[in-house]
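Q: Please see the structure below; I have some questions.
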Amino acid sequence: MIGRKSKVFIFLYLIFLVVLFLMCSTDLIIREPEKEIYKVAVIIEDVRDDNYGNFRKGMDQAAIELNADVRFITLYEEKPNAEGQMELIDREGQDGVDGLIVAPVDERRMTEALQENRVTLPAVILGTEPVKETETGSITIDYREMGRGLAEKIKERAPEGSTVLLVEGACKISGAESGFLTGAAEVLEENGYRCNFERPESEETYREMLEGLPEQGCVLVAGSPETLTEIAGFLEEDAEGCDRIAGVYGRGNTPSILNDLDSGLITGLCVTDEFSRGYFSVLMAVKELEKAGDTKSMVMDSYYIEKKDLREPKYEKMLFPVE
């Protein structure tokens, strides 16, 4: 038999355990440190975000893990310009964001603004080369080297002496586009290929370019994802044009471009891991805000893929990341 004193002791002990549990569960004893929520604005160089699908998935994943409030902002002008982007950066600063991730319209102008301290918020720059003489973080892609790598793959398919049309976009050529096409032309010209730069500015000039292709195999290299999509669209409607082309190449990993690669309209692509680029840009921005950033610059690798590679687990995971 349990005595009266023992029953009282057990009762009081149970009450103590209940009170202890309640105090712990309501943070009265063990209080979790409050993690600051950083507001980060991501400002890209375009009026559309078509090329940033996987980038946004990586950015959103990092925002969840790092407790960051990230907003994605495109430019308003039909033809984006550096001054308009700087006004948008200033506006975001006035609206109280803590940090910036910026894909510059004009990298030279952005570098000057950073060196002159016109951009006062901590920033991570997405560009073609690290930002010099500043403490700004950067995630870069070497588009010139990407173009050179693509040219090596073209050499494996197209006979020496073939004509290669390097197709620029109708708008002002970007640093990425310029570096990509220049890198490809350097390798191809060194190896006996005839390289011509083209800039069709309308549907009519596109058709004129395709109708003027030599009878024997000609290679097309698009400088930007938008130009590659336009070329694939015209070739889809022009069976004769397809017959005169030995290959269509470019860069990008939008759903439409990957579909065109899968259907055979596009021969080969250069791609980057955009999910990782988005993830690490937010991670780098948060580390800068916490004064804990060890890495100020990161260079992304690029990969060459063809239709057969789309089902490879390595590329499938990179091109079609699960949210």
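The values are calculated or read from the model by the stated rules, or taken from the named source; none is laboratory data. This is a predicted model, so every value here is computed, not measured. Note: areas computed on protein heavy atoms with side chains; ligands, DNA, RNA excluded. Shrake-Rupley method; radii C 1.70, N 1.55, O 1.52, S 1.80 Å.
Q: Which sequence of Cys218, Cys242 reflects their accessible areas, 1.4 Å probe, from the largest down?
A: The most accessible residue leads, giving Cys242, Cys218.
Q: Test of understanding: what is the full-extension gain from Gln115 to Arg207, defined as 0.36 nm times their sequence separation minus their Cα-Cα distance?
A: Contour length minus the Cα-Cα distance gives 28.6 nm.
Q: Using just the C-alpha positions of region 81-136 as equal point scatterers, what log10 of I(q)/I(0) does the Debye formula give at each q in 0.19 1/Å?
A: Treating every Cα as an identical point scatterer, log10 I(q)/I(0) equals -0.59.
Q: Enter the accessible area of Met284 (Å², nearest 10), with the probe set to 1.4 Å and all protein chains included.
A: Solvent-accessible area, nearest 10 Å²: 10 Å².
Q: For region 240-323, what is the Kirkwood estimate of the hydrodynamic radius, computed as the reciprocal of the mean inverse distance between distinct Cα atoms, to one decimal in Å?
A: 14.8 Å
Q: Considering only protein heavy atoms, what per residue accessible area in square angstrom results for region 84-190 with a 1.4 angstrom probe?
A: I get 45 Å² per residue for this part.
Q: Grab the alpha carbons of region 111-206, take their convex hull, and tell me the volume per residue in Å³.
A: Considering the Cα atoms of region 111-206, their hull volume per residue is 121 Å³.
Q: Need the full-extension length gain, Cys171 to Asp50, defined as separation in residues times 0.36 nm minus the C-alpha distance. One decimal, nm.
A: That works out to 41.9 nm of additional length.
Q: Next question, about the same structure. Any idea what Rg and Dmax come out to for region 191-246 if you just take the C-alpha atoms, in Å?
A: 11.1, 33
Q: Give me the percent of the accessible area of region 227-311 that comes from carbon and sulfur atoms, probe 1.4 Å, all protein chains in place.
A: Percent of accessible area from carbon and sulfur atoms in region 227-311: 46.
Q: What figure, in Å² to the nearest 10, do you get for the accessible area of Asp90 with a 1.4 Å probe and non-protein molecules left out?
A: 70 Å²
Q: Just the number, please: carbon plus sulfur as a percent of the accessible area of region 120-173, 1.4 Å probe, no ligands or DNA/RNA counted.
A: 45 percent
Q: When only C-alpha pairs under 8 Å and at least 6 residues apart count, what is the relative contact order of region 232-291, in percent?
A: 30 percent
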